[in-house]
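Some notes on the structure that comes next.
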Amino acid sequence: METADSLEDKEIENIKKDEKVQRALSETSNSAQKETAVDLEKEGPALGITAILFLGGGVLYFLLGWERIPIPTDYIPLAQKFMLAVMLISLVLLANRLLKKIFDRRVEDKTKVFNFIRIADFFAALIILVIILSLLFANWYAALLSFGIISLILGFALQNPITSFFGWLYILFRKPYDVGERIRIGNVFGDVINVSYLDTTLWEFNGDYLSADHPSGRIIRFANSKVFTEYVYNYSWPLFPFIWNELSFFISYKSDFKFTSDTIKSIVEKKIGESMVRRVKRFKKILADTPVDELDVNEFPSVILKAHTNTWIEVVVRYLVDPKNSGRVKQDLFQTVMNELKKNPEKVWFPNNDMD
């Protein structure tokens, strides 16, 4: 029978096998959503139509070359170019659809599939643009020159969208955040629900009308270019997916400080549960391979007493919590702590009962 330690070690190894954890470990080692993907199963008819266009364009191209179609001779080269463009574009679209279909079947992570589909569509559009330009301009030098001038004009006119597109590439490869993660960028805070070519969509938390960690009911869209100019705070770091939170209130100097601290610690440990402590211990072992191990990562709650300018003692309770549950946990802890401390009015004096 396996011991608790061996089971714990296996659990740690399973956590380390997670791709996000491996990527984070590689970035911090001393040696060195859910977004739904496109349903590719529905694209069967489109694949068939694309294949028919390719084959039909090829047949018409050769019939035009053999002058089997009754059209003026002067228009044959133009018609052949058009057919060739149809063939090549159909081939690109067919290859693009097949690649997406294969990738969707081989890869289980729908976020990866979603990102691959967008990259594949982008390169397919780029290749189609090159095909059209090459067939429109017989002279490649003229084509490149025209394309360069157009790109220069568009570059000035579309500077912000282009920067946002490169921001999307940065998000895709550097992973400052992923779909489903909770982030703060600039002065906005929320869960990432979509990352498109030009912008990111958040499900907002807090907001202008809320003081607690709760959904505001609004979505926020910001340009991807923000990642180049703003700090990105990610609350879902896979190596340590917790945050420290604080709960504070005031008591009198007449209170029993030791009793207050011990009571609060006992309540918080019970509320957070042994599972949280066990998970943090696991991640502490994983963090032993990173510079974060040099920091004090305490999985147990702490109580800090501070003298305040209003002549009361401020009690600060510091504890670890899952960022997406911080608001609910804080409210639950506050109610439980208050109810328990109020049972002992001779040991804990609050501002409203210290009337001597």
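The table below gives the values:
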item	result
Looking only at the stretch 326-346, and only at residues there that are outside any helix (DSSP H, G or I) and open to solvent by 70 Å² or more (accessible area, probe 1.4 Å), the one that is farthest from Ile267 (Cα to Cα)	Glu346
Pairs, first under 17 Å from Gln331 (Cα atoms) in the stretch 256-273, second open to solvent by 70 Å² or more (accessible area, probe 1.4 Å) and outside any helix (DSSP H, G or I), C-beta under 7 Å, six or more apart	Glu269/Phe300
Qualifying positions in the stretch 42-100 - open to solvent by less than 50 Å² (accessible area, probe 1.4 Å), closer than 17 Å to Asp121 by Cβ and either modelled with pLDDT under 70 or not in a helix (DSSP H, G or I) (or both)	Glu43, Ala46, Leu47
Boolean, Glu35 is surrounded by fewer than 15 Cβ atoms within 10 Å (Cβ to Cβ) and at pLDDT below 75	no
Which listed residue is open to solvent by 70 Å² or more (accessible area, probe 1.4 Å), more than 39 Å from the chain's Cα centre (by Cα) and modelled with pLDDT of 85 or more, from Lys254, Lys265	Lys254
Selection within the stretch 288-302 - open to solvent by less than 30 Å² (accessible area, probe 1.4 Å) and either at pLDDT 85 or above or over 30 Å from Phe259 (Cβ atoms) (or both)	Thr290
Enumerated strands (runs of 3 or more DSSP E) restricted to the stretch 172-280, each holding at least 2 residues that are of a type in the set (Phe, Trp, Tyr)	199-205, 243-251
Cβ-Cβ under 6 Å pairs, at least 6 apart or on other chains, the stretch 162-185 side modelled with pLDDT under 90, far side of a type in the set (Gly, Ala, Ser) and part of a helix (DSSP H, G or I)	Thr163/Ser225; Ser164/Ser225
Filtered residues of the stretch 268-284 (kept if surrounded by 15 or more Cβ atoms within 10 Å (Cβ to Cβ) and among the acidic types (Asp, Glu))	Glu269
Of all residues in the stretch 189-204 being among the aromatic types (Phe, Trp, Tyr) and either at pLDDT 90 or above or more than 23 Å from Leu239 (Cα to Cα) (or both), the one that is least open to solvent (accessible area, probe 1.4 Å)	Tyr197
Looking only at the stretch 179-188, and only at residues there that are closer than 15 Å to Lys226 by Cα and within 13 Å of the chain's Cα centre (by Cα), the one that is most open to solvent (accessible area, probe 1.4 Å)	Arg184
Some residue of the stretch 244-260 being under 29 Å from Asp18 (Cα atoms) and in contact with a helix residue (DSSP H, G or I) (Cβ under 8 Å, 6 or more places away or on another chain)	yes
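The values are calculated or read from the model by the stated rules, or taken from the named source; none is laboratory data. Note that the structure is predicted; figures quoted are calculated from it, not measured. Please note: Cβ atoms are built from the backbone with ideal geometry, for glycine as well, and neighbour counts cover all protein chains shown. Heavy atoms of the whole protein, side chains included, go into the accessibility calculation; ligands, DNA and RNA do not. Shrake-Rupley method; radii C 1.70, N 1.55, O 1.52, S 1.80 Å.
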